[in-house]
Amino acid sequence: MLYTNAEQAAPAIAACVKNKRHILLITHVNPDGDAVGSLLGLGLYWEQCGYEVTMLAPTPLPIFTQRLRSADRIKVYSQAPVYSNTLTLPETVDLVVLVDTGDVQRIARIYQEQQAYLAARPLIIIDHHATNSGEGLINLVDPSRSSNCELLYELLKAWAAQITPEIATALLMGITTDTQSFKTSNTTPSALRAAADLVEAGADRALIMRDVYSNIPFETAKLLSLALSELKREGAIAWTHVTQVMQRSVGASDDAAAEVTDYIANLGGLKATALFKERRDGSVKVSLRSVPGIDVAAVAQRFGGGGHRQAAGATLQGPLVEAEQQLLAVLKAAVEEAPDA
Ligand SMILES: [Mn+2]
């Protein structure tokens, strides 16, 4: 069943959850603020209702979310004990809920290693990616929402849920980060209203601002300077890259490249930007941003990726130079086809 609206989905999700005891919440690989906010916002609420809840991220949380109260409640699959190599998921789980995850494969190793486990349990998907394939028993997919956390807020509101300051802070984190601080085109009146309601419910706005925006590690700034020195422009497109050598030379973390993506997305006079990040295994992660009218999700999908019209990503095979050439050709065509954007 596919719902595109929280109010319509609320009774069906509530009915499915009602007779369950142990809920496993999972989000996407390389979780962002919206992913972490979604796990905590919904997870803490269901805990408050008396369910046993396990919150799981495929890979470690970004630094800026780690000071959220309860962030340490989230288990990280890739940090499973080395002796087993595969994290054993609790047998008592009788419902799996995927949040902020456009495609089940985006739970990465969990998807590959836990297929039998997942197949044996009902799945609910709650997401805001237009590219969501809707593989759950119940799917709530509303691409009009700025963030999955905004969608979850609508769902909690439909349930007349009690939103504690802790839940409010988690959800506001997701709305704030997915709208890049209320700057993106999906900063709708409803996103702003949700944020206002959450502040009213006691969300710690100051903590989010300090941790997300005034907390850039020194090594990340050094990486930014290296990446900006390689910035290139052709017409209305600008791009740059982050190599493993660059990253290692300044000791930057794996998620430092996100700062480069954000920085170049804020340059004026451009229609699209791309950051190519070389991964340890030699594959290349591209992060695309664009102005309204240019659909970078469609560009990403050509390479097996996905995301939103104005912010999307894909993983390409290396080497870096070839990945750049292939992707830029498609991106240029997309920009040229939309002369009015
Ligand atoms: Mn999101």
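The values are calculated or read from the model by the stated rules, or taken from the named source; none is laboratory data. For clarity, every value in this text was computed on a predicted model and none was experimentally measured. We place every Cβ from the backbone using ideal geometry, glycine too, and count neighbours over all the protein chains shown.
Of all residues in the stretch 132-150, none are part of a loop (DSSP other than H, G, I, E, B), in contact with a Phe, Trp or Tyr (Cβ under 8 Å, 6 or more places away or on another chain) and either under 18 Å from residue 43 (Cβ atoms) or modelled with pLDDT under 95 (or both).
Yes/no matrix, rows are residues, columns are (1) surrounded by fewer than 18 Cβ atoms within 10 Å (Cβ to Cβ); (2) over 15 Å from residue 139 (Cβ atoms):
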site	(1), (2)
1	yes, no
22	yes, yes
53	no, yes
56	no, yes
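Test residue 327 against the stated conditions and say whether it is in a helix (DSSP H, G or I) and at pLDDT 95 or above. Answer is yes for this residue. Residues of the stretch 207-264 being small (Gly, Ala, Ser) and within 22 Å of the chain's Cα centre (by Cα), which ones? Selection gives 214, 252, 253, 256, 257, 258. Entry remark, the stretch 169-197: residues being surrounded by 15 or more Cβ atoms within 10 Å (Cβ to Cβ), closer than 19 Å to residue 128 by Cβ and either away from the ligand (no atom under 16 Å from the Cβ) or charged (D, E, K, R) (or both) number 3 in total. Taking each residue of the stretch 106-124 that is under 25 Å from residue 18 (Cβ atoms) and looking for partners that are surrounded by 15 or more Cβ atoms within 10 Å (Cβ to Cβ) and of a type in the set (D, E, K, R) with beta-carbon atoms closer than 8 Å, six or more apart or interchain, yields 121/94; 122/94. Restricting to helices (runs of 4 or more DSSP H) lying wholly in the stretch 221-314: which have 3 or more residues that are over 20 Å from residue 128 (Cα atoms)? Where helices (runs of 4 or more DSSP H) fall fully within the stretch 221-314 and carry at least 3 residues being over 20 Å from residue 128 (Cα atoms), they are 244-250, 257-265. Cβ-Cβ contacts under 6 Å between residues 6 or more apart (or on different chains), taken from a first residue in the stretch 165-184 that is charged (D, E, K, R) to a second residue that is within 12 Å of the ligand (Cβ to nearest atom), are listed as 178/34; 178/146; 178/147.
In the condition set (1) hydrophobic (A, V, I, L, M, F, W, C); (2) under 14 Å from the mean Cα position of the chain (by Cα); (3) over 14 Å from residue 96 (Cα atoms), residue 49 is compliant with all but (2).
Of the residues making up the stretch 234-272, those that are surrounded by fewer than 15 Cβ atoms within 10 Å (Cβ to Cβ), touching a strand residue (DSSP E or B) at 6+ places or on another chain (Cβ under 7 Å) and basic (Lys, Arg) number 0.
Filtered by the rule that a residue be more than 16 Å from the ligand (Cβ to nearest atom), part of a helix (DSSP H, G or I) and either among the β-branched types (Val, Ile, Thr) or modelled with pLDDT under 95 (or both), the stretch 13-63 gives 13, 17, 63.
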